[in-house]
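Participant: Take a look at the following structure, please.
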Amino acid sequence: MKHGGFSWNKGEPPNVKDFSVNLNPLGVPKEIEELIKDAINLKVYRYYPQYNYKCLKENIGEIFDVNPSYIEIYNGVSEFLSLLTDEYSCPQPNYGEYPCYNKYTVKEEGNSYVYDLRGTKVITSNPVNPTGSLIDESEILEFLADKRELVLDESFMDLSDGKSFRNKIEEYPNLVVLSSFTKSLSIPGLRMGFSFSIKQKVRHIPWRVNSIANYVFSNANPKKIREFLNKSKEKVIEIRDNFEKMFPFKIYDTHAPFVLVEFPIPTKIINKFLIENGYYIREPEGFIGLRDTHARISLRDDVQDLVKVLNSLSPKTFKLKS
């Protein structure tokens with residue numbers, strides 16, 4: 001299983017409830033859907049997007065209270081990552097697409113993973129994908145104070161009860177914070193990523209974001225987006241708390257819109273049963289430091305339906321402990 005969710009079939013999205021993809025449980029904001037329709041009606045796809053994305057940067061800056069001059073736009077965070085050189089260390093388990101020459105495994109302590117930052121250049125997610133762990137604030141600040149370089153991917157921070165470090169970029173020129181609207185606004189198909197840093201070191205091509213995405217996010221109301229994200233954080237916490245009460249197996253502490261769990265048997269066996277019933281969860285394949293019994297589950301609004309299906313597993317058939 002690679003990053004990007006369950007496979008398309010003959011040019012169409014998969015007909016399964018895909019709990020391997022971590023999006024906002026509230027879905028796409030109504031305002032964003034209306035702006036997409038407006039963009040189509042105005043035929044903005046017939047025009048090149050603004051060359052320097054000035055309006056887009058200004059709007060993103062207002063949403064996140066960051067100086068627009070510190071913002072760069074990318075065709076998703078993945079584009080930024082593809083432009084980096086392979087000179088970073090990366091703690092594991094972590095997102096598998098980071099360019100790093102040194103991958104080291106962190107400690108698993110009970111129901112959580114404890115992340116430390118090693119080396120002179122580190123790249124990591126925070127909250128960490130796939131564990132949902134938050135890296136301790138003091139660990140990050142000590143690392144930055146030593147003038148070591150940190151690329152911090154906060155793609156899930158806007159749906160987390162954690163604390164963003166984007167307000168630290170002026171204090172620490174050795175810090176780059178990554179973010180996107182992919183997860184927080186449930187629009188992976190529009191590809192909208194951005195970086196916050198006072199030193200933009202990555203070279204990029206022009207027109208890397210299409211006219212529709214440029215129009216939508218240049219015109220989104222910053223106040224409404226902030227309100228939507230605040231409601232989304234509350235919703236994630238609500239779903240997480242309910243999930244913890246229902247799920248019958250091991251659950252790891254999480255600060256993200258997903259949760260790492262562990263079954264008594266390999267997740268591949270669980271998934272065969274789930275796919276037959278129209279569900280899918282993220283297997284541990286590709287994540288260094290996870291066991292074959294681990295799985296990552298998105299905290300969707302209908303996650304209780306998934307739990308019901310899991311609870312219907314036969315202990316005799318799957319040799320589970322009843």
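Participant: Note down the relative contact order for the stretch 30-221 as a percent, whole number, built from C-alpha pairs under 8 angstrom at least six residues apart.
Facilitator: 30
Participant: Right, next: Can you give the longest run of the chain that contains no chymotrypsin sites (Phe, Trp or Tyr not before Pro) sitting in a DSSP loop with at most 16 other Cβ atoms inside 10 Å?
Facilitator: In short, 52-206.
Participant: Assuming 0.36 nm per residue, please report the length gained on full extension of the stretch L141 to S78 beyond their Cα-Cα distance.
Facilitator: Length difference between fully extended and current span is 20.1 nm.
Participant: While we're on this one: Could you give the size of the charge dipole of the stretch 30-221 about its Cα centre, using +1 on the Cβ of each K and R and -1 on the Cβ of each D and E, expressed in debye and rounded to the nearest 20?
Facilitator: That gives a dipole near 820 debye.
Participant: Of the residues E262, E33, E285, which exhibits the maximal mean-square fluctuation in a Gaussian network model of the chain defined by a 10 Å Cα contact cut-off?
Facilitator: Among E262, E33, E285, the largest mean-square fluctuation in the Gaussian network model of the chain belongs to E33.
Participant: Mind listing the long-range amide H neighbours of K17? Cut-off is under 5 Å, sequence gap 5 or more, other chains count too, H placed in the peptide plane at 1.01 Å from N.
Facilitator: Amide H neighbours of K17, under 5 Å, 5+ apart: Y279, Y280.
Participant: Then there is this: Quick check: Cα centre of the stretch 112-166 to Cα centre of the stretch 186-256, how many Å?
Facilitator: Each part reduced to its Cα centre gives a spacing of 17 Å.
Participant: Based on the Cβ-Cβ distance from K308 to D253, what FRET efficiency comes out when R0 is 25 Å, to the nearest 0.05?
Facilitator: According to the calculation, E is roughly 0.60.
Participant: Which whole-number percentage describes the relative contact order of the chain, with Cα contacts under 8 Å and a sequence gap of 6 or more?
Facilitator: Normalised by residue count, the contact order of the chain is 25 percent.
Participant: Let me ask you something else. Amide H to amide H, which residues 5 or more places from Q92 or on other chains are under 5 Å from it, using H placed in the peptide plane?
Facilitator: For Q92, the qualifying residues are Y104, T105, V106.
Participant: Distance cut-off 27 Å, Cα to Cα: go down the list K17/K224; K168/K250; K163/K231; K224/K308; K103/K147; K17/K223 and report the pairs above it.
Facilitator: Too far apart for the 27 Å limit: K17/K224; K168/K250; K224/K308; K17/K223.
Participant: Also: Cysteines without a disulfide-compatible partner in the chain, using Cβ under 4.7 Å as the rule?
Facilitator: C55
Participant: Per-residue HN-Hα couplings for the stretch 173-185, Karplus 6.51 cos²θ - 1.76 cosθ + 1.60 at θ = phi - 60°, whole Hz, x for Gly and Pro?
Facilitator: Taking θ as phi minus 60°, the curve returns x, 8, 10, 10, 10, 9, 7, 6, 9, 3, 7, 5, 10 Hz for the stretch 173-185.
Participant: May I ask what percent, to the nearest 5, of DSSP beta bridges between residues of the chain are antiparallel?
Facilitator: 55
Participant: Still on this model: With r defined as the distance between the Cβ atoms of N277 and N219 and R0 fixed at 45 Å, what FRET efficiency is calculated, to the nearest 0.05?
Facilitator: That gives a FRET efficiency of 0.65.
Participant: Pick out which of V77, V236, V16 has the largest mean-square fluctuation in a Gaussian network model of the chain, springs linking Cα atoms closer than 10 Å.
Facilitator: Top of the fluctuation ranking is V16.
Participant: Quick check: the angle from helix 30-41's long axis to the longest principal axis of the chain, C-alpha only, nearest 10 degrees?
Facilitator: Once rounded, the angle reads 60 degrees.
Participant: I'd like to know which of V106, Y45, I32 lies farthest towards the positive end of the charge dipole of the stretch 30-221, counting +1 on Cβ of Lys and Arg and -1 on Cβ of Asp and Glu.
Facilitator: Y45
Participant: Additional query: Do any trypsin sites (Lys or Arg not before Pro) in the stretch 239-305 lie in a DSSP loop with no more than 16 other beta carbon atoms within 10 Å, and if so, which?
Facilitator: Those that pass, being in a loop and sparsely packed, are R291.
Participant: Quick one: Karplus J couplings for the stretch 154-170, per residue in order, coefficients 6.51, -1.76, 1.60, θ = phi - 60°, nearest Hz, x for Gly and Pro?
Facilitator: Calculated HN-Hα couplings, in order: 9, 4, 9, 5, 6, 10, 10, 8, x, 10, 6, 9, 5, 7, 9, 5, 6 Hz.
Participant: What spacing in nm lies between the two simple spin-label points modelled at E285 and N111, each 7 Å away from Cα in the Cβ direction?
Facilitator: 3.0
Participant: Sort the stretch 84-178 into rounded, prolate or oblate with this rule: let a ≥ b ≥ c be the square roots of the eigenvalues of the Cα gyration tensor; rounded if a/c is under 1.5, and if a/c is not under 1.5, prolate when a/b is larger than b/c, oblate otherwise.
Facilitator: Note, shape of the stretch 84-178 comes out rounded.
Participant: Further question on the same structure: Can you tell me the orientation of helix 267-276 relative to the chain, as the angle in degrees between its alpha-carbon axis and the longest Cα principal axis, to the nearest 10?
Facilitator: 90
Participant: Another one. Could you run the Karplus curve 6.51 cos²θ - 1.76 cosθ + 1.60 with θ = phi - 60° over the stretch 62-72 and give me ³J(HN,Hα) per residue in whole Hz, x for Gly and Pro?
Facilitator: 6, 4, 9, 6, 10, 4, x, 5, 9, 10, 10
Participant: Using the Cα gyration tensor of the stretch 30-221, with a ≥ b ≥ c the square roots of its eigenvalues, what is the shape: rounded (a/c below 1.5), prolate (a/b larger than b/c) or oblate (neither)?
Facilitator: Here the stretch 30-221 falls in the prolate category.
Participant: Further question on the same structure: Separation between the N230 and D161 pseudo-spin-labels, each 7 Å from Cα along Cα→Cβ, expressed in nm?
Facilitator: Each label point is offset 7 Å from its Cα along the Cβ direction, giving 1.8 nm.
Participant: Assign one of three labels to the chain, namely rounded, prolate or oblate, based on the Cα gyration tensor with a ≥ b ≥ c the square roots of its eigenvalues; rounded applies when a/c is under 1.5, prolate when it is not and a/b is larger than b/c, and oblate otherwise.
Facilitator: Here the chain falls in the oblate category.
Participant: Also: Would you kindly state how much longer the chain becomes between S69 and V28 on full extension, computed as 0.36 nm times their sequence separation minus their alpha carbon distance, in nm to one decimal?
Facilitator: In short, 12.0 nm is gained.
Throughout, read-outs are computed from the coordinates displayed, never taken from laboratory work. As the structure is a computational prediction, the values presented were derived from the model and not from experiment. Neighbour counts are summed over all protein chains in view; Cβ atoms, including those assigned to glycine, are modelled from backbone coordinates with ideal geometry.
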